Amino acid sequence: MTTARSQALASLLLVVSLYSNLMQDPSRVYPSRVREVEAKRTTDFAAELNPAQLRAATHADGPLLIIAGAGTGKTRTLVYRVAHLLENGVRPERILLLTFTRRSAQEMLGRAERLVGSASRAVHGGTFHATAHRLLRRFGQSAGLPADFTIMDQADAEDLMQLSRAKLGFSEKKKRFPKKSTLHHVYSRHVNTEIPVPAILSEDYPQYREFEEDFSKIFADYTARKSERNLVDYDDLLLFWALLVESDGALAEKIAGLYDHILVDEYQDTNQLQSRILRGMCRTHRNITVVGDDAQSIYSFRGATIRNILDFPAQFQGASVVALEENYRSTQPILDVTNTVISRAEERYTKNLFTKREGGEKPWLVTAHDEAAQTRFVVDRILELHEEGVPLHEMSVLFRAGYMSADLEIELTARGIPYEKWGGIKFLEAAHVKDVLAFLRILENPRDEVSWYRLLMLMPGIGETTARGAIDAMALAAWDSDSFGRYEPPPRARAAHTSLVQLLAALRNSPADVEGAVTVEIARVRRLYDDILRERYDRVEPRLSDLDQLQTIAGGYPSRAAFLSALALEPPQATQDFGFGADSEDDVLVLSTAHSAKGCEWDAVFVIWAVDGWFPSARSLGSEDQIEEERRLMYVAMSRPRNHLFVVYPLNVYDTRRGADYSMDQLSRFLDRGVREGMQRVVVDRPESAPPEPAAGPLAVDLRALLKGRFGAT
Ligand code: ATP
Ligand code: MG
């Protein structure tokens, strides 16, 4: 979130540093080369990178692994490597930069642009999933995947799993049988890690081992269902990409041949499938650069494995390995504390870090009386830092799970402090948004069973049996577009059926290829849907305004297909990603889950709810591996700040999970004594904590006596 001013300042500094370096050692400057459109700026790599970073950034062809701790400039080195490749004549569209979020790809390419100019805009940057999607739309047809497939997000995939579960006779009522989310989790884990289902069950769900065969049956049905309905889940995106590039023949060669250089950030959080993809993409060349930190691996619950980093030299024979040990981000007192936190890890490959950033304040460990005191401390301190000149966007508040910021959000709103939130529940996961999207999705893909089911169940008079009956009838008629109209509903459902048929006909007849077509479609859907919404909810206004926003967003897309794919694939992290709400130039505070803060940095960082059972999460206390992952997550959170770190823990927790009562809570186990030694401590009381003045001697005023007799009583 760089403002125009700081951008200008950055380029000015760049010019100054280039100039001074030129004066010192002209041979270190890359010769400037003239381009057609713009004169290219030259970058003095040696002046802006340390020797190890420089070696990595200017590495010649061949595999390269950068393994290093937090804040050592891994991401920066990748940016400079992109710049180096471009300066050396590699065509931008022949470079693929894979990152963990869309935001980080954009940021990295923005930085590369400042180094080498607009050519970097043509570099292909994005997440694995988004890249898979792009390739499958383009090449999938030659591999039997119709071009108009619909992408299901995780919730859709679980719903489809539920349909398979029901079809095979495992009704909701069968108590001991795994839920749809468990089924989906096992399935997804199997696909991403290639661990056989029985092994996953033994390891994670021994109570379900007896259902092993049923799992297979359900998964078989789920797979068939997806293919019949032209649906693709997130795991398929990766799996199909892997299978495509692993196959024999011209198609695999063609896809692998699209790029000459592949660069991957945050490699510690990739899984087995992603590593297969990379090997497949490198069948015609071996120009792959990956960077990662085993101490920051935080996605093993999704199948990520640090084996990818550790096995890289074996998988890519002759790989160069570069280690970085100087941290450029944080001051020494912060680094001392984070080094201690991670030194407790069971297994670790990267070394302790050092910095030249001496001085600065020790990190704070703040004991707050309760949540209200925590909130008040954080908000007061943010305002103080702001007074001292720290912009809001240079501060963040981090927490283990999205719901933990609720109290803080209320207070920030009340005090008029603008913020945006990353991670946690997203706009698109809201039921009413998904409802409206379901209408668009069946227009796009009439076989989208999950969406049919969703919208049928919305309609008054239509229940489970009718919905299933209608879907079965459509499936029998090969999902032709009139099959729903021909379906004979039971009398109770007739009115709903008729209005749906009319709506769908109107939608199908309205032109789809004019500007703003999707916005118009949503408006039509809402003529029916808004009333349903009013029926269902007491507080309907915020939901209606979400739908207004959805309509606005839709206006930015050229087609319904583009709109739906973008929403399913790159769910915006914050409302700001949509380009509405706060202006991107606005100065806003960031609230984020620790997961979503990965790779980012701020001047000041508050880690709240540092309570055992909250961070680490109670759900992870069952196994050593999970606790280790929580430790790495705490390390990620605490290693984000440059200058100020506050770790806050409320002492009294009003906890509905434990029967709506207050309990005294323990400080997070990761802040053990050794860690605390590097911190300064402060205790904040609750706001109204002044103890009552003891009544001393005769009453100063007798309030009750003053009122006596007022209404005639004696
Ligand atoms: P993380 O592990 O958190 O992803 P990272 O290793 O990717 O961190 P970066 O984000 O690239 O580290 O760098 C951390 C900070 O240090 C950034 O502000 C970056 O600009 C700065 N930095 C890195 N290397 C240098 C350098 N050689 N000179 C000056 N600043 C540097
Ligand atoms: Mg990074």
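Just so it is clear, none of the values below were taken in a lab; they were calculated from the coordinates. This structure is a prediction, so every number in the text was calculated from the model and none was measured. Methodologically, a virtual Cβ is constructed for each residue, glycine included, from the backbone with ideal geometry; neighbour enumeration extends over all protein chains shown.
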>> So, R0 is 41 Å and r is the distance between the beta-carbons of residue 220 and residue 685; what FRET efficiency does that work out to, to 0.05?
In response: 0.10
> How much length is gained if the chain between residue 314 and residue 205 is pulled fully straight, taking 0.36 nm per residue apart and subtracting their Cα-Cα distance, in nm to one decimal?
Replying inline: 36.0 nm
>> Which of 593, 58, 289 has the fewest other C-beta atoms within 10 Å, and how do the rest follow up to the most?
In response: 58, 593, 289
> Can you flag which of 74/362; 74/434; 74/421; 362/421 are past 31 Å Cα-Cα?
Replying inline: 74/434
> Amide H neighbours of residue 266 under 5 Å, counting only residues 5+ apart in sequence or on other chains, H built in-plane at 1.01 Å?
Replying inline: 291
> Which far-off residues, 5 or more places away or on another chain, put their amide H under 5 Å from the one on residue 422, with H placed in the peptide plane?
Replying inline: 591, 592, 593
>> Using the basic label-point model (7 angstrom from Cα toward the beta carbon), what is the residue 197 to residue 285 distance in nanometres?
In response: 4.1 nm
> Which loop-located GluC sites (Glu not before Pro) does the stretch 194-248 contain, where loop means any DSSP state but H, G, I, E or B and the Cβ has at most 12 other Cβ atoms within 10 Å?
Replying inline: 194
>> Checking the a/c ratio against 1.5 first, then a/b against b/c, what shape does the Cα gyration tensor give for the stretch 154-229?
In response: oblate
>> Less than 15 Å apart at the alpha-carbon level, and either on another chain or at least 8 residues along: which aspartates and glutamates does that give for residue 598?
In response: 107, 265, 266, 269, 293, 294, 629, 630
> Given H placed on each backbone N at 1.01 Å, which residues far from residue 607 in sequence or on other chains put an amide H within less than 5 Å of it?
Replying inline: 398, 646, 647, 648
>> Can you give me the distance in nm between label points at residue 93 and residue 383, each placed 7 Å from the Cα along the Cα-to-Cβ direction?
In response: 5.4 nm
>> Can you return the aspartates and glutamates within cross-link range of residue 254? Criterion is Cα-Cα under 16 Å, with same-chain partners fewer than 8 residues away left out.
In response: 93, 246
>> I want the local charge near residue 231. Using Cβ-Cβ distances under 9 Å, sum +1 for each Lys or Arg and -1 for each Asp or Glu among the other residues.
In response: -2
> Arranged by the count of other C-beta atoms within 10 angstrom, fewest first, what order do 307, 415, 276 take?
Replying inline: 415, 307, 276
>> Based only on other Cβ atoms within 10 Å, what is the fewest-to-most ordering of 59, 84?
In response: 59, 84
> What FRET efficiency, computed as 1/(1 + (r/R0)^6) with R0 = 35 Å and r the Cβ-Cβ distance, is obtained for residue 477 and residue 251, rounded to the nearest 0.05?
Replying inline: 0.55
>> Give me a comma-separated list of calculated 3J(HN,Hα) values for the stretch 560-566, in order, Karplus coefficients 6.51, -1.76, 1.60 applied at θ = phi - 60°, integers in Hz, x for any Gly or Pro.
In response: 4, 4, 5, 4, 5, 5, 4
> Ranked highest first by the average count of other Cβ atoms within 10 Å around their residues, in what order do 391-402, 534-545 fall?
Replying inline: 391-402, 534-545
>> Expected output is a single nm value to one decimal: the length gained when fully extending between residue 344 and residue 619, i.e. 0.36 nm times separation in residues minus the C-alpha distance. What is it?
In response: 96.9 nm
>> If N is the number of residues in the stretch 427-572, what value comes out of its Cα radius of gyration divided by 2.2 N^0.38 Å?
In response: 1.02
> Contour minus end-to-end for residue 351 and residue 586, with contour as 0.36 nm per residue of separation and end-to-end as the Cα-Cα distance?
Replying inline: 80.8 nm
> What percent does the relative contact order of the stretch 154-229 come to when contacts are Cα pairs within less than 8 Å and at least six residues apart?
Replying inline: 35 percent
